[in-house]
Amino acid sequence: MGTPKTLQGEEFHDATSTKPRASHSIPSGGTFSIYGSTKIDAPPQAVYDAILDCASWKHWNTFVPEVRITKHPKSHEKELKITEGTCMVFYVKMTNDFQTTTKTACTHVERLKSRANRTTPPVTRIRWNFDNANAYVPGFILKSERTHEIEETADGKTLYRTWETFGGLVAGHVKSKYGQTLQDRFQDWCKDLAKYVERQEIGQPHMPAELE
């Protein structure tokens, strides 16, 4: 059996498909992937800030409502934001009855790109990976990379795309056991993010995500 081809073009953006999608550190597309996207009625800066400010996730993120930073390049700062070199523990709520944790390391945070500075296309990328070193799990067993793309539209709003690519010997088991749940939760992540940022833009108060 040959290696599955990675999704391209319109198929890449089909959230119903879990076929392999290439990412920076897993260019082969791995075993499977999960995808979500949404248009957000807010400028890219607001979306960028919400993703990197993991302390705010408790206000909007029903999928990962809590993050604990275990290592940070600027650990002396009072309010830590996700940046390259940040190691984290994500407290993941898969369902109401099943919560788990995963160790994650941020590998790439681009400076925000915009049409104003003539960046074409104005797409900003953020990436983090399953932290194999701190989880004591070798990459040939399981590896994953989460990619975020924040694109400024012609009207100054945001097109947000995100996907996670999974590979390794047990990735097929992860897909069979959690694939549908991950698809559902990625859609929740996108909807939660859009709702939170849009509320922030019009000055509406936020509340804990689980109370939404």
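Quick notes on this structure:
- Consider segment 152-189 and keep the residues that are aromatic (Phe, Trp, Tyr) and part of a strand (DSSP E or B). The one that is nearest to ARG115 (Cα to Cα) is TYR160.
- Comparison of THR18, THR38, THR107 shows that the only residue that is closer than 13 Å to TRP128 by Cβ and touching a residue at least 24 places away in the same chain (Cβ under 8 Å) is THR107.
- Qualifying positions in segment 162-196 - hydrophobic (A, V, I, L, M, F, W, C) and more than 23 Å from THR38 (Cα to Cα): LEU169, VAL170, ALA171, VAL174
- Scanning segment 25-38 turns up no residue that is at pLDDT 95 or above, crowded, with 21+ Cβ neighbours inside 10 Å, within 15 Å of GLN200 (Cα to Cα) and touching a strand residue (DSSP E or B) at 6+ places or on another chain (Cβ under 9 Å).
- Residue count for segment 115-138 satisfying the condition of being part of a loop (DSSP other than H, G, I, E, B) and surrounded by 16 or more Cβ atoms within 10 Å (Cβ to Cβ): 3.
The values are calculated or read from the model by the stated rules, or taken from the named source; none is laboratory data. Quick caveat, the model's predicted, so the values are computed rather than measured. Here Cβ is always computed from backbone atoms with ideal geometry, including for glycine, and neighbour counts include all displayed protein chains.
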